[in-house]
1. Quick one: would you say F95 is crowded, with 16+ Cβ neighbours inside 10 Å, in a strand (DSSP E or B) and touching a strand residue (DSSP E or B) at 6+ places or on another chain (Cβ under 6 Å)?
2. P42: surrounded by 14 or more Cβ atoms within 10 Å (Cβ to Cβ), under 30 Å from R187 (Cβ atoms) and either more than 16 Å from the chain's Cα centre (by Cα) or modelled with pLDDT under 95 (or both), yes or no?
3. Please work out which residue is farthest from H88 (Cα to Cα), limiting yourself to the stretch 129-179 and to residues that are in contact with a Lys or Arg (Cβ under 7 Å, 6 or more places away or on another chain) and not in a helix (DSSP H, G or I).
4. Among (1) exposed (fewer than 14 other Cβ atoms within 10 Å of the Cβ); (2) in contact with a Leu (Cβ under 9 Å, 6 or more places away or on another chain); (3) more than 18 Å from V61 (Cα to Cα); (4) modelled with pLDDT of 95 or more, where does R29 come up short?
5. Among E41, E3, E17, E32, which is the only one that is part of a helix (DSSP H, G or I), more than 25 Å from R195 (Cβ to Cβ), free of Cβ contacts under 8 Å to residues at least 40 places away in the same chain and acidic (D, E)?
6. Can you tell me which residue in the stretch 45-64 is nearest to the chain's Cα centre (by Cα), limited to those that are surrounded by 13 or more Cβ atoms within 10 Å (Cβ to Cβ) and assigned to a loop (DSSP other than H, G, I, E, B)?
7. Of all residues in the stretch 50-83, which are among the hydroxyl-bearing types (S, T, Y) and closer than 24 Å to P23 by Cβ?
8. Go through the residues of the stretch 184-192 one by one and say whether even a single one is hydrophobic (A, V, I, L, M, F, W, C) and part of a strand (DSSP E or B).
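The values are calculated or read from the model by the stated rules, or taken from the named source; none is laboratory data. On a predicted model such as this, the values are computed, not experimentally measured, just so you know. Methodologically, a virtual Cβ is constructed for each residue, glycine included, from the backbone with ideal geometry; neighbour enumeration extends over all protein chains shown.
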Amino acid sequence: MIEDIRKSYERDELTEEQAGDNPFLLLRRWLEEALEANIIEPNAMCLATVDAHGNPDARFVLLRGLDDNGLVFYTNSNSAKGKQMAHHPYATLVFWWGVLERQIRLRGRVEQVSDATADAYFARRPRGHQLAAWVSPQSEPIPSREWLEQRATAVEHEYEGRPVPRPPYWKGYKLVPDTIEFWQGRRNRLHNRLRFTRLPDGSWRREGLAP
């Protein structure tokens, strides 16, 4: 029965000493360990936003860039999430790596990356993915799967023999976190939780949280 599923988290621990003072260093380390663990889509992040009425939405996107300021992902700006971020440019990202018994939550403002950055990343995408960006009116109702496949065929013919440009609505976004929380599962639900909060001078305050 679903209510009887139990798992004891005993793989690792997370102390303040291990975490250090810079959450981005720890984030990179955990990402590297997720890659080494051969997790499917280790860069998958749940993106949570709110619409104009305050209703929450969540879906997965892929991390495509990381620096000491924030995390970058790409999407259709006409999609539900694109419209929601335009209306309310704050969001939360969540990583979950069950094999490693770890979670990271990041919350902060969202800003668009430059067109040059988006162009450079779009040019690196597989051609089929580039074409799909023109094919799909993301989040909009469609009459049928057949309609979508016919549209894909038409777009493929349109760009046959030439590079696929980035659609003007296909944009990059950076979440600039003001809080980052690291969660490491522990035995008897006494998990390790450490929260980093960005201070006005750009440094970080670290504190432990009750599980």
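1. yes
2. no
3. Selected residue: V164.
4. The single condition R29 does not satisfy is (2).
5. That would be E3, the only listed residue that is part of a helix (DSSP H, G or I), more than 25 Å from R195 (Cβ to Cβ), free of Cβ contacts under 8 Å to residues at least 40 places away in the same chain and acidic (D, E).
6. Going through the qualifying residues, I end up with L63.
7. Y74
8. No, the stretch 184-192 contains no residue that is hydrophobic (A, V, I, L, M, F, W, C) and part of a strand (DSSP E or B).
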